[in-house]
Amino acid sequence: MRTMRRQSVAAVVTSPPYNLGKSYSCHNDNMPEAKYLAWQDGVAQEIARLLVPEGHLFLNAGSNSRFPWRSVQVAQVYGRHLSLQQHITWVKSIALDGSTLPVPLRGAMHDRPVGHFQSISSAHFLNPVTEDIWHFSPSGRSPIDRTAPGVGVPYVCVDQPARFGHNRELHCLGNLWHIPYKTTQSRADRDFHPAPFPVGLPTHGGRAQCVTRRDRGRLRTASSKISRPVFEPDRSIPRRLGLGRIECRM
């Protein structure tokens, strides 16, 4: 990132290692805490340098029972260089109270878990089914597209838009994103990565709030000026965001 031009990136979606002891093949996930946070501080400085004035950073971070403050610690480090615009909760699995749903869905969905998560065996802790997404920006007021296609959700009652005095078909999803993992049976299904996240996570961020209508052209221009592609995690992501391409530097 240090070779990239200042204020040349409109949006960043990232999920750094949480330093929780995962078995990465080429990274020590048991760094001393001070060293780990200093490393993230350097990354945060570079991202802040690269973002355009109305840019966005979506930082996915997690914790566990041994390090319950890790996500907050990482967010505080990034908060030294960028403004926290909003906190978003990524929900991996949820069981709905069917009594709150429309009548046709009540029986089928009542207390039925939807999604996947890594279960734990404990007499003290519940299964962790959420992680944090910290939405940062240079000013804390970067424009967002709250009803972008693929993220905005339809109204429950078809007459709601008219009653609210507009003709929008979709409304804001809110800051709780239910994005389940696909079902996997082995490490090979997860591309041998110890801590993958679903493709829906970066595409959700891109569609919903990173890639505003004004930013689409800028993001395409910024990414096309990167001299050498090093890693492109999923070739469907640019297509889903309506972009020419996205390139990542490690």
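Out of the stretch 35-100, which trypsin sites (Lys or Arg not before Pro) are coil in DSSP terms and have no more than 10 other C-beta atoms within 10 Å?
On the way: sites: Lys35, Arg49, Arg66, Arg70, Arg80, Lys92; in loops: Arg66, Arg80, Lys92.
Those satisfying the criteria are Arg66, Arg80.
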Net charge near Ser15, counting Lys/Arg +1 and Asp/Glu -1 over other residues with Cβ under 11 Å of its Cβ? -2
With +1 on the Cβ of every Lys and Arg and -1 on the Cβ of every Asp and Glu, the dipole magnitude of the stretch 10-104 about its Cα centre, in debye rounded to the nearest 20, is 200 debye
So, in nm, how far is label Leu84 from label Val114 when the simple model puts each one 7 Å beyond its Cα toward the Cβ? 2.9 nm
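Take the Cβ-Cβ distance between Ala123 and Trp39 as r, set R0 to 35 Å, and report the resulting FRET efficiency rounded to the nearest 0.05. All intermediate terms of the calculation are to be shown ahead of the outcome.
On the way: r = 35 Å, r/R0 = 0.99.
Efficiency, from the Cβ-Cβ distance: 0.50.
Given a Förster distance of 45 angstrom, what is the FRET efficiency for Ala162 paired with Ser99, based on the Cβ-Cβ distance and rounded to 0.05? Mind showing how you got there, number by number?
On the way: r = 27 Å, r/R0 = 0.61.
So, using R0 = 45 Å, E works out to roughly 0.95.
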Taking placed amide H atoms and a strict 5 Å upper bound, the residues 5 or more places from Gln86 or on another chain that come that close are His135
Would you please give the residues with an amide H less than 5 Å from that of His56, counting only those at least 5 places away or on a separate chain, with H modeled from the backbone geometry? Ala11, Val12
Once you have the alpha carbon radius of gyration of the stretch 21-161, what is it after dividing by 2.2 N^0.38 Å, with N set to its residue count? 1.34
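Since every read-out is calculated from the coordinates, none of them should be taken as a lab result. Bear in mind that the values here come from a model prediction, so they are computed numbers and not experimental data. Neighbour counts are summed over all protein chains in view; Cβ atoms, including those assigned to glycine, are modelled from backbone coordinates with ideal geometry.
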